[in-house]
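I have placed the structure first, in the form of structure tokens, so that the comments after it can refer back to it.
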Amino acid sequence: MVPLSPNGYLTRTYYPGHTFGTLVIGGETFHTIERPWLDNQRNVSCIPSGKYRAVYLPRSASGKYRRVWHLKPVDQRTGILVHNGNLVRHTKGCLILGNSKGTLAGQPAVLGSRTAMRRLLNLLGQNEFNLEIIGEHNA
């Protein structure tokens, strides 16, 4: 397990309908998918670039997701999580974690999401981590 409060770095590539990313933390690499950049609008935009604190939650406030990380503070947004899923439609502005990038039913996706979430939990335990999302929104 990595030390308390490790640093993670997320680099992204922006597309009109989605945002793919690569997250590196504790020597491990994960892939992400988010909504496209739409000026940080709630429920439809990816997370702005910046520095965040990711706090472990045994379950989300809605109860829909278990063993997630809550990103704080996200300017003008609340309830932004790192959680499982595969497609852009599985998020309302959160960060979906996967083991690889690919397609499902012809749509951009991350694959192996539940396995990736277990990997992150095994790596970090229930510890917080720092996340820096790098790069400017260019789409």
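For the stretch 1-64 and the stretch 68-111, what is the separation of their C-alpha centers, rounded to whole Å?
Here the answer is 7 Å between Cα centres.
Just in the stretch 1-62: which trypsin sites (Lys or Arg not before Pro) are loop by DSSP and have at most 14 other Cβ atoms within 10 Å?
In loop regions of the stretch 1-62 (DSSP not H, G, I, E or B), the sparsely surrounded trypsin sites (Lys or Arg not before Pro) are Arg42.
With the calculation restricted to Cα positions, what are the radius of gyration and Dmax of the chain in angstrom?
13.5, 39
With a cut-off of 15 Å, note down the residues of the stretch 98-130 whose backbone N falls inside the zone around a label point 7 Å from the Cα of Thr22 toward its beta carbon.
98-102
Any idea what the relative contact order of the stretch 12-139 is, in percent, if you count C-alpha pairs under 8 Å spaced at least 6 apart?
Result for the stretch 12-139 is 27 percent.
Taking the simple approach of a point 7 Å from Cα along Cα-to-Cβ for both Lys51 and Ala105, what is their distance in nm?
With each label placed 7 Å out from Cα toward Cβ, I get 4.1 nm.
Name the aspartates and glutamates eligible as straight-distance cross-link partners of Lys64: C-alpha to C-alpha under 20 Å, and not fewer than 8 places from it in the same chain.
Straight-distance partners of Lys64: Glu34.
If you rank Thr78, Thr19 by fewest surrounding Cβ atoms within 10 Å, what's the result?
Fewest to most other Cβ atoms nearby, the residues stand as Thr78, Thr19.
Coordinate-derived values only; no laboratory data. This one's a predicted model, so the numbers in the text were calculated from it and none came from an experiment. For neighbour counting, all protein chains shown are included, and Cβ atoms are generated from backbone atoms with ideal geometry for every residue, glycine included.
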